[in-house]
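The values are calculated or read from the model by the stated rules, or taken from the named source; none is laboratory data. None of the values given here were measured: they were computed from a predicted structure. Counting neighbours? That spans all protein chains shown, and the Cβs are built from the backbone with ideal geometry, glycine included.
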Amino acid sequence: FKPCFHRGGRSKLQVGRLEFAEVLRSRGVYQKADIFMKMDGMDDDTTVFTTLKSFKSFISQPERSHHLAETSIAKGDLQKQYIQRIELEGAAEKIHSKTNLLQMAQEKNQMELSHKRARIELEKAAHISARDFEREVDRNQGLLTCIKKLEEREADTEKLLNEEAEMNKTLKKNIEALNKKLEEKDSKISNANETLCALRDEIRELNHKIKNQEMQLATQATENEGLQEQVQLQHKKYLEASQKYQSLQTSECLNSENELKIKELERRLALQEQDSVIVRNMRTELARLPDAERELKRLREENSYLRETKENSSLLKEEAEGLRRKVERLEKIKEDMVNLELEKEKLAMKLQAWENLSQTTGLNIRKPEDLSREIIQIQQREIGLKQQNSSITSSARALEKSRTQLQNELLQLRTRGLEEQKKREQQDALVRRLQKRVLLLTKERDGMRAILESYDNELAASEYSPQLTRRVREAEDLLQKAQAHNSEMEVQVSKAQEEAGSYKLQAQTAEMELDVLKKQAADADNSSFVVGEEVSSLRQKIEELEADRSRLEEQNNVLEMRLERHNLQGDYDPVKTKVIHFRMNPTSLAKQERQDEAEKLREECQLLRERIRTLQAGGAVATEEGTFNLPPSQEVLDLRRQMESAELKNQRLKEVFQKKIQEFRTVCYVLTGYQIDITTENQYRLTSVYAEHMEDSLLFKHTQTEEGGWRLFDRGRAAPARHVDEGRLAALRQQPPAQLRRPARRRAPRLLSHDERRHFKNPSLSHL
């Protein structure tokens with residue numbers, strides 16, 4: 001028995017078992033039939049063969065019983081045999097009817113079960129196929145919606161790309177305008193920087209001149225102060241001499257008063273040695289009065305001569321300074337003239353080169369305006385080429401984007417094709433399964449028909465014909481339904497194949513479009529490469545022309561700056577310019593004030609001369625004229641007291657200052673750990689608290705220069721390796737000109753901190 005499945009899931013083996021069980025029941029062997037039905041669930045073939053052997057042995061049993069009956073009939077009575085046969089026939093009929101009923105009920109139950117199973121399976125298959133069909137329909141709709149969305153996205157992206165291309169064009173134009181403005185601003189800034197540099201140079205020169213003038217004024221002020229101090233000293237000496245001279249005259253007239261005054265003078269001389277020294281000097285001077293008068297006359301003459309010579313020398317100096325400045329200006333003018341002539345020759349050469357350039361290049365370039373016009377034309381061409389390049393690049397980008405989009409779509413279509421191919425394979429497998437099932441069903445139908453025909457041949461046609469016809473009809477209906485389902489599935493498979501073919505066509509068209517786009521992109525790249533080479537060559541020419549223009553502009557600016565510098569220095573063309581002097585000019589006012597002060601000093605000197613002359617003339621006629629009133633002695637005493645109080649104040653200030661300095665030195669010594677000593681003027685020695693030797697110190701000197709700085713000297717006998725790093729000392733000493741400027745000035749604290757650490761590392765200070 002080969003297993004052959006049908007829709008209800010039963011095999012021919014099971015059907016054969018049922019047939020054997022029905023035959024056994026028809027012959028009255030119910031126990032064997034039940035055993036055989038219980039074996040329906042078994043799948044082992046050995047049990048089937050054993051049942052077949054037992055069935056054959058059972059079939060051979062009626063023949064034996066028939067032979068025994070014949071022997072018994074021959075031996076027993078005929079009446080008993082007849083009665084027994086009647087009873088047996090009645091029992092056989094009852095058994096046969098019961099078996100028929102049971103068989104029909106079992107067949108009915110089996111048919112119902114098989115119908116139910118077939119219906120459930122058909123419903124499941126129909127539900128699965130409907131669900132698959134719905135899924136495919138949904139997928140197709142989803143694919144259509146995705147395609148529509150992609151088309152809409154393509155349209156939107158094309159619009160956005162067009163808008164972005166327009167925006168890029170406008171932005172490039174704006175950027176070019178901004179670049180031009182920036183270039184103009186840069187040129188203006190460079191010109192302003194050059195003017196600023198020139199102005200800074202002039203300011204430095206003016207500051208230098210002002211400093212020189214201030215130094216001259218300071219020297220003149222110091223000279224004036226020295227002269228004023230000399231005049232005051234002479235005036236004081238003159239007053240003291242006049243007082244002493246009057247005291248001497250009065251002492252000759254009044255001896256008693258002279259003695260008292262001499263005692264007072266001696267007492268005062270004891271208190272103040274300076275007064276006694278002055279009096280003695282004055283006595284000697286009175287003794288030498290005629291010589292002093294001669295020397296005074298000679299000195300007056302010399303002073304007058306020196307004043308005149310000084311005035312003449314100052315005037316001559318001013319004239320010489322003015323002439324020197326004029327000479328310097330003339331020399332500068334000559335140098336500038338020479339430079340201008342050289343520049344003129346260079347410009348003539350350049351002009352000739354420009355003229356030759358117009359001949360060599362074939363362009364009408366004779367002036368910078370022509371060059372600027374050519375540059376503008378080239379820039380316009382470059383702008384056009386840039387616009388073309390931008391349009392080409394934008395189109396290339398759009399093509400690249402479309403290519404990428406098409407590649408993505410191609411990938412999507414390929415994935416969809418693969419999915420559809422998988423679905424088609426699945427459907428092919430499904431079709432194969434269905435074909436196998438159809439073959440199985442046809443075989444099962446043939447088997448059923450053979451079984452039914454065997455039943456028809458064995459059984460009476462009148463008893464089982466309606467049931468068999470009904471079962472045949474049901475089986476045919478099932479077969480028709482299966483064939484309809486198979487046809488539907490074949491239609492779906494053909495539709496899926498058609499869709500797959502359409503997708504393949506779409507993919508092929510997309511590939512063709514992509515190839516066309518690739519060719520267009522390659523052509524665009526070649527054209528853009530050619531345009532790029534042309535643009536690069538034009539850019540090089542433009543850069544060369546711009547470099548020439550910038551160089552000429554720089555030369556023009558330099559010449560203008562030189563002319564402005566000459567104008568600022570005071571050089572001007574008297575034909576074109578006219579100098580106007582203000583009345584309230586600060587320099588004229590300062591000169592006027594200086595002249596007024598000089599006149600006042602001259603008047604004071606004249607008055608002093610007159611007084612000296614009167615004193616000289618009043619030596620013999622003092623009692624007669626009395627024109628010169630001497631100050632009283634009380635005022636002299638007040639002045640001396642004021643001087644003494646001022647000296648006391650100065651002394652106290654010195655003591656307080658010394659005390660504060662000492663406190664400051666002790667605080668520095670305690671807090672910083674360095675003792676600062678002033679060896680000489682502007683020279684300081686720093687000694688550490690933890691130094692083992694007095695020579696272990698640092699010596700600095702403050703240089704009085706304009707920049708200001710500190711100079712480090714060598715330390716006597718202290719070794720550099722013992723105290724400070726020799727490299728640091730060399731770095732500090734090698735500052736030009738041996739001054740510690742800002743970067744080096746910061747090294748001094750580091751050097752001191754290094755010295756402190758070196759002292760702390762000393763083993764003798766480990767207890768600290």
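What residue, among those in region 580-618 that are within 17 Å of E308 (Cα to Cα) and of a type in the set (S, T, N, Q), is nearest to the chain's Cα centre (by Cα)?
Q595
Within region 364-373, is there a residue that is assigned to a helix (DSSP H, G or I) and modelled with pLDDT of 75 or more?
Yes, there is a match, as at least one residue in region 364-373 is assigned to a helix (DSSP H, G or I) and modelled with pLDDT of 75 or more.
Out of all the residues in region 400-439, which are closer than 30 Å to L161 by Cβ and among the charged types (D, E, K, R)?
If the condition is that a residue be closer than 30 Å to L161 by Cβ and among the charged types (D, E, K, R), then E400, K401, R403, E409, R414, R416 are the ones that fit.
Out of S402, S462, report the one residue that is among the hydroxyl-bearing types (S, T, Y) and either at pLDDT below 75 or under 30 Å from M104 (Cα atoms) (or both).
When all the criteria are applied, what remains is S462.
Kindly indicate which of R64, R135, R117, R131 is loosely packed, with under 11 Cβ neighbours inside 10 Å, in a helix (DSSP H, G or I) and at pLDDT 80 or above.
On inspection, the qualifying residue turns out to be R131.
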